[in-house]
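Single-structure report; data block below.
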Amino acid sequence: MIEIKVFETQQEIAAYAGEVYKKLINEKPHAVLGLATGSSPISLYKRLIELNQAKEIDFSNVVTVNLDEYVGIESTHSQSYRYFMNEQLFNHINISKENTHVPNGQTQDLEHACHEYEEIIDQVGPFDIQLLGVGVNGHIGFNEPSLTLNSLTHIEDLKTSTLEANARFFDSIEQVPTKAITMGLGPIMKSKQVILIATGESKANAIKALTTGIIDPQCPVSFLQLHPNVLVLLDTAAAKYV
Ligand code: GLP
């Protein structure tokens, strides 16, 4: 079931989502959170930092599992997703870094890295909340539009539209890694709740795919229509067609 809520600002989205996380973690201190990168969750992460500093959320027993990571850039690179998570959230809250998991895109043995990540997911899952953004082409995590989708952690060749969208974070499009390691759709669909955040008109088409009833591997976000508990938090621009 999909519940859509529309807000005026990212701060209002963050305030609303922050309360959902506060309630969960206060009731379940060992909660397992599936986390996402990209610009969409940044306001929420700021809010979670505020709530932690105000001692309204204690992250000391929380476990996190991130969706994805670029292949071929160091974890210390400013655009790696490990670096992003440390900078945007983990360095500012009382979480234990050993409890935070991001796929390993730096190894030569990527197949092993995929197996290893799948084992972590099996050990700590199912997630209490999986947080998602969405790509302009409907990708979730780095599960790109395709004839078939994978439920397991795998290596993905990024689409040109994704490289173009993510080029804004790099000096040039040539520097955007062309491959990523991503969680498959399995753990997303098994998570107890999904919270998807999308803002801006560029996401409006992808969001429309959540309302059509059609499940299409060429638009991976459409699979969330099969999930029993999805909360979609939008601004008015992203909600243009809903
Ligand atoms: C990236 C990430 C996704 C993210 C998406 C949207 O490619 N792999 O997890 O949801 O792009 O990013 P943004 O929130 O910056 O629009």
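Provide the percentage of antiparallel DSSP beta bridges, counting only those with both residues in segment 116-206; round to the nearest 5.
55 percent
Report, in deg cm²/dmol and to the nearest 500, the calculated mean residue ellipticity at 222 nm for the chain, where each DSSP H run with n ≥ 4 adds -39500 (n - 2.57) and the sum is divided by the residue count.
Result for the chain, helices only: -8500 deg cm²/dmol.
Could you tell me the relative contact order of the chain? Use alpha-carbon pairs under 8 Å, at least six residues apart, and round to a whole percent.
25 percent
Between Glu144, Glu27, Glu56, find the one with the highest GNM mean-square fluctuation for the chain; connect C-alpha pairs within less than 10 Å.
Glu27
One quarter of the convex hull surface, Cα atoms only: what value does that give for segment 40-181 in nm²?
Dividing the Cα hull surface by four gives the mean projection, 8.9 nm².
Over 10 Å intervals from 0, what percent of Cα-Cα pairs in the chain sits in each interval?
8, 34, 39, 18, 1
Given charges of +1 on the Cβ of Lys and Arg and -1 on the Cβ of Asp and Glu, with all other atoms neutral, how large is the dipole of segment 74-146 about its Cα centre, in debye to the nearest 20?
Roughly 360 debye for segment 74-146.
Considering only Cα-Cα distances, which of the following residue pairs are longer than 25 Å: Lys55/Lys190; Lys55/Lys97; Lys5/Lys97?
Where the Cα-Cα span goes over 25 Å, the pairs concerned are Lys55/Lys190; Lys5/Lys97.
Roughly speaking, what is the stretch gain from Thr148 to Met1, that is 0.36 nm per residue apart minus the C-alpha to C-alpha distance, in nm to one decimal?
In short, 50.6 nm is gained.
Using Cα-Cα distances under 8 Å and only pairs 6 or more residues apart, what relative contact order does segment 56-171 have, in percent?
Relative contact order for segment 56-171 comes out at 24 percent.
Please list log₁₀ I(q)/I(0) at q = 0.12, 0.17, 0.18, 0.20 Å⁻¹ for segment 1-70, using the Debye equation with identical point scatterers on the alpha-carbon positions.
Those come out to -0.34, -0.68, -0.76, -0.93, one per q.
So for segment 116-231, considering every pair of alpha-carbon atoms, how many percent are separated by more than 26 Å? The partial results should precede the final answer.
On the way: 1203 of 6670 pairs.
Beyond 26 Å sits 18 percent of the P(r) for segment 116-231.
Which FRET efficiency value, to the nearest 0.05, is calculated for Gln108 and Glu8 with the Förster distance at 35 angstrom and r the Cβ-Cβ distance?
0.15
Return the loop-located trypsin sites (Lys or Arg not before Pro) in segment 1-97 (DSSP other than H, G, I, E, B) with at most 11 other Cβ atoms within 10 Å of their own Cβ; answer none if there are none.
Those satisfying the criteria are Lys55.
A short reminder: the numbers here are calculations on the coordinates, not readings from a lab. Only a predicted model underlies this, so the values are computations on that prediction, with no experimental measurement involved. Cβ sites come from the backbone with ideal geometry, for glycine too, and all protein chains shown count toward neighbours.
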